[in-house]
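Everything on this sheet refers to the single structure shown next.
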Amino acid sequence: MTAVAFVHACWHRELVEGCRDGFLQTFAETEPDTTVDVFEVPGSFELPLHALKLARSGRYEAVVAAGLVVDGGIYRHEFVAAAVIDDLGERPPHSLTCSRQAVASDPRSPRSVAPH
């Protein structure tokens, strides 16, 4: 049986869990023969390292990551969003079979990305 890992941040839990629940529902409808293991990390900053660890385990066909970084009026949100996006996006092809990002930040920021 094929397995997929879904790792999500706990900050802004209600919003991120909505992303997780939507993924799980859609995935169950489109890929009924695939299991999804769900993992939590404290925040979005921890997503890339945990995703890499899961990918290197050899247990998963794909690793999906979801997190939310909010502009709370302090500089750190831009740093965290940039670090997460850059780290998830710069993995060499052999390190992650599949990576999807659902990391959001201030939409006015040039570093913000829409999930894809």
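The values are calculated or read from the model by the stated rules, or taken from the named source; none is laboratory data. Here the structure is a predicted model, which means the values were calculated and not measured. For neighbour counting, all protein chains shown are included, and Cβ atoms are generated from backbone atoms with ideal geometry for every residue, glycine included.
If the condition is being under 20 Å from E17 (Cβ atoms) and touching a Cys at 6+ places or on another chain (Cβ under 8 Å), then segment 47-67 contributes A62, V63, V64, A66. Scanning segment 38-70 for residues that are outside any helix (DSSP H, G or I) and over 14 Å from A3 (Cβ atoms) yields a count of 10. Residues of segment 29-37 include none that is in a helix (DSSP H, G or I) and within 25 Å of V70 (Cβ to Cβ). Whenever a residue of segment 37-61 is at pLDDT below 90, its partners that are in a loop (DSSP other than H, G, I, E, B) and among the aromatic types (F, W, Y), lying with C-beta atoms within less than 8 angstrom and at least six residues away or across chains, give the pairs G43/W11; S44/W11. Condition (residue is part of a strand (DSSP E or B) and at pLDDT below 90) applied to segment 82-100: is it met by at least one residue? Yes, that holds for at least one residue. Applying the condition of being over 12 Å from the mean Cα position of the chain (by Cα) and under 17 Å from P48 (Cα atoms) to segment 1-35 and asking which residue is surrounded by the most Cβ atoms within 10 Å (Cβ to Cβ) yields V4.
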